[in-house]
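Inspection log for the structure reproduced underneath, given as structure tokens.
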Amino acid sequence: MLRHLEQQLAERDAQSLRRHRRIAETACAPRQTITTYDSTHDGMPRELLAFCSNDYLGLANHPLLIEALAEGARLYGVGSGASHLISGHSRAHASLEDDLADMLSPHGPELRALTFCTGYMANLALLTALGDAQTTIYSDLLNHASLIDGARLAKATVYTYPHNDLAGLERRIAACSTLRKLIVTDGVFSMDGDLAHLPELLALAERHDAYLVVDDAHGFGVLGAQGRGVLSHVGLRSERLICMGTLGKAAGVAGAFVAAHRTIIDWLVQSARAYIYTTAQPPAVAHAVRASLRLIRCDEGEQRRRHLAELVTAFRRGVPEVLGDLLSTRGWQLAASQTAIQPLIVGSSEDALAMSAALESQGVWVPAIRPPTVPSGSARLRITLSAAHGLGDVERLLSALKSAGKDME
Ligand SMILES: *Cc1c(COP(=O)(O)O)cnc(C)c1O
């Protein structure tokens, strides 16, 4: 066993696919002190300007949320002590569910929310509870790993359709032989930043009596009025919509939710194993998330969203200026994304790693994302912007990209 694993690890090294963790010595913020132990680092802490978190609104280190978490701990202690169905379901969880239902209610008349410890578990819970043997799950090829794993674990028949291929999807759905159909998609695709074609997907679901699961991990808090997310952004509401969102990205804390018709939520409570058989999230965390939702919905949230949009615009305007030649000669591509996820697709894992290392040597931290997280031949720098960045930070990123790019020529 050990020899086999050592061989596998060596192979990953040889293919530039070995992953290394870094240690953040400080809070999630644009400037972080980082320690890395690997063959190219000396293990000394360094300050880096980071463009890698999903903390899109810069709330992960917000003083009000730090205080809310401490207050939650004073009110409820630090652990929930049990699963939701035994004794771990606290007032804080119940109130958070009400807050989420209230915030997202434009989706439908009878919307309810259910909270989970993580988004990964929410997707596992949702797809295994709804995806029984009489159901077909239709899943976009670029969906997040948690949706893929949820579909794998479900008893349903699973069909993966090419990214955003609505015509192909409709042909398959029209020929569906199971009783129930579930279309599953990221709302904002996590490695590309583009949006699913949600109005068309919902129309398709309606034509074929299917339900539509939208994973809004990267839209909730950032898109739509009051940060209600991608469904509000595109103006959709329907009983057929099942919205999943995460609370550790733009919301800056931890956890996730599913918001859907009351009957679907009732069923999840009865049958979703990833909900039932796990200790409930600490109530203090739910308490902090409630404070985060208030921030997201108020003026401050609005200002943060506006500032983030300005950073996205400045970055997209700057990239062709600093990388012009490489975009044409090497075929590098800035993904067509209007969101805070701004991937620069460079193709090979080696180029992605070399760029990431060259940026790091200038004190800028951008992760190289490689297969299997993305399809082979599409390795990329996944640059994410946050409202906690300033325009000066984006300028520093652009000039670091320029000189890193020069090294590649
Ligand atoms: C991050 C993410 C998840 C998982 O959420 P966690 O709370 O981090 O477990 C699910 N779906 C998508 C699209 C994500 O980006």
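Remarks
- The stretch 63-297: C-alpha gyration tensor shape, a/c 1.5 cut-off, then a/b vs b/c: prolate
- Computed over the stretch 1-114: relative contact order in percent, which uses C-alpha pairs under 8 Å that are six or more apart: 12 percent
- Distance (nanometres) between label positions extended 7 Å along Cα→Cβ at residue 133 and residue 3: 4.3 nm
- Cα-based convex hull, the stretch 1-154, per residue volume (Å³, whole number): 242 Å³
- Across every direction, the projection of the convex hull enclosing the Cα atoms of the stretch 37-111 has a mean area of 9.5 nm².
- Charged-residue dipole, Cβ positions (Lys, Arg, Asp, Glu), the chain about Cα centre, Debye nearest 20: 460 debye
- For the stretch 63-297: relative contact order, % (alpha-carbon pairs under 8 angstrom, 6 or more apart): 31 percent
- Helix content alone sets the calculated 222 nm mean residue ellipticity of the chain: runs of n ≥ 4 DSSP H residues at -39500 (n - 2.57) each, divided across all residues, give -13500 deg cm²/dmol.
- Local electrostatic count at residue 130 - Lys and Arg +1, Asp and Glu -1, tallied over other residues with Cβ under 13 Å: +3
- Exposure proxy ranking, count of Cβ atoms within 10 Å, fewest first, for 279, 246, 339: 279, 339, 246
- Tensor-based shape of the stretch 300-408 (alpha-carbon gyration tensor, a/c under 1.5 rounded, otherwise prolate or oblate): prolate
- Residue order, fewest to most surrounding Cβ atoms within 10 angstrom, among 155, 406: 155, 406
- Stokes-Einstein, applied to the Kirkwood radius of the stretch 166-317 over Cα pairs at a viscosity of 0.890 mPa s and 25 °C, places its translational diffusion at 144 µm² s⁻¹.
- Whole-percent pair-distance distribution, where bins are 10 Å wide, for the alpha carbons of the chain: 5, 21, 30, 27, 15, 2, 0
- Descending semi-axes in whole angstrom, ellipsoid equivalent of the stretch 124-241, from the Cα gyration tensor: 22, 15, 13
- Cβ-based net charge around residue 376, under 13 Å, with every Lys or Arg adding one and every Asp or Glu removing one: +1
- Within-11-Å neighbourhood charge of residue 209 [Cβ basis; K, R +1; D, E -1]: +3
- For the stretch 63-297, a crude dipole built from +1 on the beta carbon of Lys and Arg and -1 on the beta carbon of Asp and Glu, taken about the Cα centre, is about 360 debye to the nearest 20.
- The protection proxy used here, the mean number of other Cβ atoms lying within 10 Å of each residue, ranks peptides 41-49, 247-255, 194-202, 165-173 as follows, highest first: 247-255, 194-202, 165-173, 41-49.
Each value in this text was obtained by applying a stated rule to the coordinates, not by laboratory testing. The shown structure was predicted, so the numbers you read here are calculated from the model rather than taken from an experiment. Counting neighbours? That spans all protein chains shown, and the Cβs are built from the backbone with ideal geometry, glycine included.
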